[in-house]
Amino acid sequence: MMPALRALALAAAAAALGAAACARPSYLGTRMPQPCVAHDVESCLGWMIERDLADAALDRYDDDALRDYVQGVADRLARSSLLARAPRVVIADHDGTYATSGSRIVIGRPTIERLDSEAELAGVIAHELAHIEGHHAVVSLFGPPPAGDDALVLRRDAEAIADERAVALLERAGYAPAAMARALRAVLDAEDEEHPLRADRIARAKVMAGGQPGFEGRAELLGHLEHMVVGRDARLGRRVGDAWVVAALGLAFELGPDDAVRDASDVLVVRRGQTTLAAYAIGAAWAGELAAALDERSEDVRGLGRITLGTVAAPAGRDDTPVGKLARAIRSTLPQPAVGTRVAIVERPRGALVIELGARGERNGRGLPVLGLRAATPEELAAAEPARIVIEHAWRTGAAANAVVCDGRLLDSPDRRIAAGDPIKCADRPLAARDRAPRLMADAAP
């Protein structure tokens, strides 16, 4: 599910979208497609969301072969649905899977990691396809707000309907319908008030499947997962020795012995004397927009790239056209410093590092802060490489834990019964606890 803040911002902006703009505007440096100027709010939102993942937050998983495979599964399901065309699939590097306006299905790479067959993957996609087929995202964004607890009741009903519809779509497409219950068991862990109880969802899906046969495709899925990143992709930020390394950008932020350091996922926070610094990676297009809007701006081009120093200004020259309001609402959800913050933005070919600076940060003679920022060494880049999936084969029949050679790196269920020669998911090296994928899928429409 999309974060509540983004859903509310999109709803508010979309509700204000009236007439089409005369000239085609741009978003993150790219001209908006025809739907954004032809009053097709749903398709425009879908395009913007996809562009956010790729060009604003560095949050799209770049593996064209895997995406094409997952898209093929969506295409197969859509042929048995009520949709005129298949939704476009986007693989994100964060956890969670959701259907968006504009016929997009965003499926998290960590979600795919936990599945064991193509039929289970099809179950996850079918659930989201059912949300699109039922226009649940459109109703959420544009429908009248329900009163009281009715909103939660409607959300739970929509989830139950999507589960039931997914079982039917699996069977129509030739997949084993029982895979839906297994997919739910694999990807759902925590309970929340917007979904029916996990046990009820699994039991209902199992009953609806009725033991009907169908295609499973375990070997097919695992064949496409080999070399996929496992768990958290540490290339957007990892502590390596006395540096915080952003391997995706080729940068290292040196840490001193007196620094108080906290790195939460992909954000570094450093307490250095009386100053608190925060650093995080963003996409190149979004970095360019942030840098161009700074007050008291100065630039310096070095070996690291273009470094822009300045203060985040309040928005000026607001675009109050309907499309402008929509773009502004989406931009408000992107990673960015608050107004009045002093920042350094280091632009690199693939993206940029934003460093939020304290008011009394130490500076050198050229007006730029002394940050200890440098190019990462080959050894640091290698240390920041994430673990990846390798496919081993069972050497005997029995439980997976006793039948594979990847002891300590097993990604499949240890209790899975397998035959000699069956493919097994393993990691190419042991995973630290913090780098394992979280076991929660937010799988609702926004």
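The values are calculated or read from the model by the stated rules, or taken from the named source; none is laboratory data. A quick note: this is a predicted structure, and the numbers were derived from the prediction, not measured. Using ideal geometry, Cβ is built from the backbone for each residue, glycine included, and neighbour counts are taken over all protein chains shown. Surface accessibility is based on the protein's heavy atoms, side chains included, excluding ligands, DNA and RNA. Shrake-Rupley method; radii C 1.70, N 1.55, O 1.52, S 1.80 Å.
What is the residue count in segment 54-64 for residues that are without any contact (Cβ under 8 Å) to a residue 40 or more places away in the chain and surrounded by fewer than 19 Cβ atoms within 10 Å (Cβ to Cβ)?
Result for segment 54-64: 2.
I need the full set of residues from segment 375-421 which are more than 24 Å from A247 (Cβ to Cβ) and in contact with a Leu (Cβ under 6 Å, 6 or more places away or on another chain), in order please.
Of everything in segment 375-421, just one residue is more than 24 Å from A247 (Cβ to Cβ) and in contact with a Leu (Cβ under 6 Å, 6 or more places away or on another chain), namely I391.
Considering segment 273-296 alone, what residues qualify as being farther than 23 Å from Y27 by Cβ and in contact (Cβ under 8 Å) with a residue 24 or more places away in the chain?
Q274, T275, T276, L277, A278, A279, listed by residue number.
For L83, which of the numbered conditions (1) farther than 29 Å from D422 by Cα; (2) without any contact (Cβ under 8 Å) to a residue 12 or more places away in the chain fails to hold?
Here L83 meets the rest and fails (2).
Could you please let me know if T111 is in contact with a Gly (Cβ under 6 Å, 6 or more places away or on another chain), more than 26 Å from S26 (Cβ to Cβ) and of a type outside the set (K, R)?
Taking the combined requirement at face value, the residue does not satisfy it.
Just the residues that are open to solvent by less than 60 Å² (accessible area, probe 1.4 Å), assigned to a loop (DSSP other than H, G, I, E, B) and either of a type outside the set (K, R) or out of contact with any strand residue (DSSP E or B) (no Cβ under 6 Å at 6 or more places or on another chain) (or both), please, taken from segment 398-415.
Correct list: V404, C406, G408, L411, D412, S413.
Could you say which residue among A19, A9, A15 is closer than 27 Å to G351 by Cβ and either more than 20 Å from the chain's Cα centre (by Cα) or modelled with pLDDT under 85 (or both)?
Exactly one residue qualifies, and that residue is A9.
Given the condition open to solvent by less than 50 Å² (accessible area, probe 1.4 Å), outside any helix (DSSP H, G or I) and at pLDDT 65 or above, answer yes or no: does some residue in segment 33-53 qualify?
yes
Assess whether L83 counts as being of a type outside the set (K, R) and in a loop (DSSP other than H, G, I, E, B).
yes
When segment 255-289 is examined, which residues are found to be surrounded by 14 or more Cβ atoms within 10 Å (Cβ to Cβ), among the acidic types (D, E) and more than 22 Å from G351 (Cα to Cα)?
Once the filter is applied, which keeps residues that are surrounded by 14 or more Cβ atoms within 10 Å (Cβ to Cβ), among the acidic types (D, E) and more than 22 Å from G351 (Cα to Cα), segment 255-289 yields only D259.
Take L28 and tell me if it is at pLDDT 85 or above, within 30 Å of E193 (Cα to Cα) and either surrounded by 16 or more Cβ atoms within 10 Å (Cβ to Cβ) or in contact with a strand residue (DSSP E or B) (Cβ under 9 Å, 6 or more places away or on another chain) (or both).
no
Give me the residue from segment 86-101 that is open to solvent by less than 10 Å² (accessible area, probe 1.4 Å) and not in a strand (DSSP E or B) and, out of that set, modelled with the highest pLDDT.
P87
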